[in-house]
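Just below is one structure, and these are the notes that go with it.
The values are calculated or read from the model by the stated rules, or taken from the named source; none is laboratory data. Bear in mind the structure is a predicted one, so any value in this text is a computation, not a measurement. Note that we place each Cβ from the backbone using ideal geometry, even for glycine, and neighbour counts take in every protein chain shown. Heads up: the accessible areas ignore ligands, DNA and RNA and are worked out on the full protein's heavy atoms, side chains in. Shrake-Rupley method; radii C 1.70, N 1.55, O 1.52, S 1.80 Å.
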Amino acid sequence: MQIGPPPISTPFNIVWLRRNLRLIDNMPLYHAACEDLPILILFVYDTDILTRLDDSSDLRVNFIHLTLHKLNKEASAHHGGVLTLHGTAIKVLEQIITNWPVRKIFHALDFEPYALARDAQVMKCARMNNVAMNSSLDHIIMHPERITTLDGKPYKVYTPYSKQWIKELKSVCLSDSQLPKSLNLINPKRSLLTLRQIGFSFKEWSFPDAFISQSIIGLYKDKRDFPSEEGTSHLGMHLRFGTISIRYLVKQALESNDNTFLKQLIWREFFIQVMFHFPNSMTQAFNPKYRNLPWRFDEEQFNRWKNGETGIPLVDAGMRQLNQTGYMHNRVRMIVASWLCKNLLFDWRLGERYFASKLLDFELASNVGSWQWVAGTGVDAAPYFRIFNPFTQAKKFDPNNLYIKKYIPNYSENTYPQPMVDYKVSRTVCLDFFRNNVSIT
Ligand SMILES: Cc1cc2nc3c(=O)[nH]c(=O)nc-3n(C[C@H](O)[C@H](O)[C@H](O)COP(=O)(O)OP(=O)(O)OC[C@H]3O[C@@H](n4cnc5c(N)ncnc54)[C@H](O)[C@@H]3O)c2cc1C
């Protein structure tokens with residue numbers, strides 16, 4: 001793509017937004033605002049990412065598009081706006097660096113393997129052209145190298161990691177990175193790209209608000225496991241795209257007497273540091289012992305799992321919730337994942353990819369980490385012999401079938417189809433499978 005002429009001909013700095021789509025409490029923007037030069041806010045619709053999406057009305061792209069409109073409006077209060085470009089991020093940035101009078105590019109660190117490779121390439125080009133790259137930590141509280149064991153190694157077990165994380169928090173500044181009242185933003189004088197211009201289409205959707213209350217945090221411990229309750233924050237998508245600040249969220253969590261919610265936020269950082277230190281675990285079992293498991297596959301069974309037609313009410317309700325809403329309750333995620341990996345003995349990577357295509361809050365580190373946790377192949381994983389029983393789980397966490405009936409409206413215990421495989425038999429087969437590490441027929 002051709003990027004065209006620069007919005008102004010005199011030197012300026014860029015804030016390159018990627019997954020920190022907000023102006024408030026935004027570290028790169030704050031650092032840029034401390035400098036003298038005017039700021040151009042840039043977002044690149046990266047074709048390296050977009051071409052991997054199957055659905056032309058992908059909700060995540062719709063959400064980004066909507067958010068950029070909001071930001072553009074907010075920026076207009078400072079006489080600025082957001083410049084959106086479309087193309088391979090590396091190529092777009094290379095063109096900007098070589099053709100526009102840019103002095104510095106401010107951005108937030110992103111630890112996904114693709115993002116690390118992209119940023120390394122952009123940095124190389126910037127260095128060669130005397131453009132400075134200013135990277136800051138914005139998406140998480142603790143840099144993955146900050147929390148280590150006494151001998152400097154990354155943690156592989158959550159509990160000691162979380163204890164160390166909480167200790168370290170005392171020396172972290174959580175205060176807002178306040179922006180000056182007169183922010184010197186550049187007006188790009190170009191309209192935002194439309195969804196159609198980037199090859200996508202609009203889908204009407206009501207996204208959850210980026211909102212947290214003390215009552216959600218306070219009741220979280222008691223309500224979080226019951227999928228029919230509104231007991232969790234639904235902030236995953238906002239954390240993913242940075243439409244809420246993690247520092248703000250941690251401050252809110254610290255105001256509560258109970259730290260269950262905070263601990264979930266720490267799980268997110270735990271999985272990000274696992275991804276950073278062990279990037280190969282994004283595509284293969286973390287535990288080498290399980291790298292050559294002879295997983296089964298059957299397309300018809302896989303489709304039944306994907307469509308919520310397994311004959312297991314809680315699994316089916318969960319998959320239908322995912323397909324209809326782009327969200328699934330955490331407990332139900334564990335149960336549907338366990339059914340796929342342990343009762344059907346399908347490779348966790350198949351389930352992980354399916355979730356990746358559907359979840360609004362899809363995060364590579366958390367998704368892979370959680371799938372490997374359930375499959376028993378990952379860090380601090382549930383042992384292979386812990387197999388969720390979806391029937392007892394339903395009795396305990398959805399005793400009145402409220403969640404099941406929400407997603408299977410005509411549900412009745414007597415007429416519901418039989419399970420696609422018998423729970424008890426498949427459990428025994430699973431135990432043998434892991435114990436012997438041999439194929440089954
Ligand atoms: C198989 C499986 C796949 C998952 N895939 C993802 C994923 O792609 N993206 C994702 O963000 N979470 C994933 N999770 C973790 C968890 O299910 C979701 O974070 C949570 O359900 C999102 O709902 P919420 O925003 O209401 O979370 P809340 O319960 O309100 O928690 C607040 C935030 O803490 C973080 N969090 C909570 N639980 C976990 C956890 N176990 N691991 C990591 N972070 C956590 C999330 O950012 C979440 O938004 C997965 C879990 C399982 C079992």
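The table for this structure:
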| quantity | calculated |
| --- | --- |
| Sparse-neighbourhood loop sites, trypsin sites (Lys or Arg not before Pro) in segment 357-437 - DSSP loop, at most 12 other Cβ within 10 angstrom | ARG386 |
| Karplus 3J(HN,Hα) series, Hz, for segment 262-275 with 6.51 cos²θ - 1.76 cosθ + 1.60 (x for Gly, Pro) | 4, 5, 5, 5, 6, 4, 4, 6, 4, 5, 5, 6, 5, 4 |
| Approximate shape of segment 145-222 as ellipsoid semi-axes (Cα gyration tensor, √5λ), whole Å, largest first | 38, 22, 19 |
| Quarter of the Cα convex hull surface for the chain, i.e. its orientation-mean projected area (nm²) | 22.8 |
| Relative intensity, log₁₀ I(q)/I(0), of segment 280-343 from a Debye sum that treats every alpha carbon as a point, q = 0.14, 0.15, 0.22 Å⁻¹ | -0.48, -0.55, -0.95 |
| Normalised contact order of the chain, rounded percent, pairs of Cα under 8 Å and 6 or more residues apart | 17 |
| Accessible area of ARG52 in the full protein assembly, 1.4 Å probe (Å², nearest 10) | 150 |
| Heavy-atom accessible area order for ASP48, ASP398, largest first, 1.4 Å probe | ASP48, ASP398 |
| Neighbour count of at most 13 Cβ within 10 Å plus DSSP loop: longest chymotrypsin sites (Phe, Trp or Tyr not before Pro)-free window in the chain | 1-201 |
| ILE216 - accessible surface, heavy atoms, 1.4 Å probe, Å² rounded to 10 | 40 |
| For segment 364-441, projected area of the alpha-carbon convex hull averaged over all directions, nm² | 7.3 |
| Options ASN20, LEU150, LEU66, ranked by Cα towards positive dipole end of the chain, top entry (Cβ charges) | LEU150 |
| From the C-alpha gyration tensor of segment 57-138, square roots of 5λ in Å | 24, 18, 13 |
| Helix-only mean residue ellipticity at 222 nm for the chain, each DSSP H run of n ≥ 4 adding -39500 (n - 2.57), per residue, nearest 500 | -13000 deg cm²/dmol |
| Overall Cα dimensions of segment 1-138, principal axis frame, Å, largest first | 42, 35, 31 |
| Listed residues LEU345, ALA89, PRO399: farthest to the positive end of the dipole of the chain (Cβ charges) | LEU345 |
| 27 Å Cα-Cα threshold exceeded, pairs from LYS153/LYS263; LYS221/LYS289; LYS163/LYS342; LYS170/LYS263; LYS203/LYS342 | LYS221/LYS289; LYS163/LYS342; LYS203/LYS342 |
| Nearest-10 value in Å² for the accessible area of SER201, using the 1.4 Å probe | 50 |
| Residue-normalised accessible area of the chain, given per residue in Å² at a 1.4 Å probe | 46 |
